[in-house]
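Since the structure comes first, as structure tokens, the remarks are kept for the end.
All of the numbers you see were taken from the coordinates with simple rules; none came from a lab. If you're wondering where the values come from, they're calculated on a predicted model, not measured in any experiment. In this analysis, Cβ positions are derived from the backbone assuming ideal geometry, glycine residues included, and neighbour counts consider all displayed protein chains.
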Amino acid sequence: MLERIDHDGILELNMARPPVNALSPDYVRLLIEALTTAPREGAQAIVLSGRPGLFSAGLDVPALLALDEPAIYEFWKDFINLLGAIACSPIPVAAAITGNSPAGGAVMSIYCDYRVMAEGDYRIGVNEVQVGLPLPPIVHAALVRQVGPRHAERLGAGGLLLAPEDALAVGLVDRITPVDQVVPCALAWCRHMVELPPDAMRMTRDMVRADLVELFKHIGENDYRMMTDAWFGAETQATMRALVERLKQKKK
């Protein structure tokens with residue numbers, strides 16, 4: 001479900017969980033383990049990638065709808081820990097957004113150092129409100145950091161999904177390129193970073209990302225409880241169950 005590819009010290013973590021790289025509880029924990037052990041095992045940088053046409057479709061809604069309240073509470077803790085593993089990584093992390101990346105897929109990319117997205121008929125965005133889920137404050141804060149307050153308001157409250165060119169224009173991604181060049185471009189950015197004088201790069205990177213890291217020092221039980229309560233809200237449950245039913249009908 002997660003392929004580890006060594007590119008001369010740069011570790012590519014290729015998400016390969018059929019059919020859409022959805023973030024189930026087990027998969028979130030697998031990603032956390034891979035991201036946190038990579039630096040200890042000698043990786044100098046990480047590329048998080050998907051398959052051509054898809055990065056990640058976000059949360060595994062059907063699997064999560066089957067969980068009870070304590071399990072959802074633990075899931076939100078793990079999901080925030082996943083974002084923290086990316087944001088607080090001691091080595092650079094690039095997102096190779098190889099196609100569509102709604103909701104949780106886009107959220108993961110926001111916490112990376114750099115984002116390369118595929119050109120073409122793909123979409124990216126924090127469209128949580130479309131499935132009845134309010135945007136968690138820690139995600140909103142990272143989105144504001146990435147695109148600024150006005151674009152964050154428009155994208156978050158409107159649940160918008162953007163084409164690659166529009167995502168580049170607002171700063172949601174840093175570069176767009178043909179799909180077969182997304183991973184090579186992300187690897188090239190990582191190589192540039194690791195070839196810089198290491199102490200100067202590390203100290204400066206720590207400084208410029210300190211505000212992002214700081215977000216994770218102020219999150220705790222009240223945040224997880226708020227996210228859990230929102231998940232079990234009547235509107236959220238109804239909207240998500242309707243979404244799952246539509247997806248089932250499409251498969252028939």
P(r) tail fraction, region 2-198 - alpha-carbon pairs more than 24 Å apart, %: 35 percent
Which residue, Val61, Val47, Val107, tops the fluctuation ranking in a GNM of the chain built on C-alpha contacts under 10 Å? Val61
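Looking at region 88-128, what % of the alpha carbon pairs are farther apart than 12 Å?
Summing the P(r) of region 88-128 above 12 Å gives 56 percent of all pairs.
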GNM of the chain, Cα pairs under 10 angstrom: of Ala34, Ala210, Ala167, the biggest fluctuation goes to Ala210
Ranked Ser49, Ser89, Ser24, criterion: other C-beta atoms within 10 Å, fewest first: Ser24, Ser89, Ser49
The chain: calculated mean residue ellipticity at 222 nm from DSSP helix runs of at least 4, using -39500 (n - 2.57): -16000 deg cm²/dmol
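What size of dipole, in debye to the nearest 20, comes out for the chain about its Cα centre when the only charges are +1 on Lys and Arg C-beta atoms and -1 on Asp and Glu C-beta atoms?
480 debye
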Percent relative contact order of the chain, based on C-alpha pairs within less than 8 angstrom and at least six residues apart? 20 percent
Give the separation of the Cα centroids, region 76-107 to region 1-67, in Å. 9 Å
Which one, Leu65, Asn81, Pro102, projects farthest toward the positive side of the charge dipole computed for region 1-116 from Cβ point charges (K/R +1, D/E -1)? Pro102
Between Met207, Met227, Met117, where does the largest GNM mean-square fluctuation fall for the chain, given springs only between Cα atoms within less than 10 Å? Met207
Cα extents of region 124-231 per principal axis, largest first, Å, are 46, 34, 23
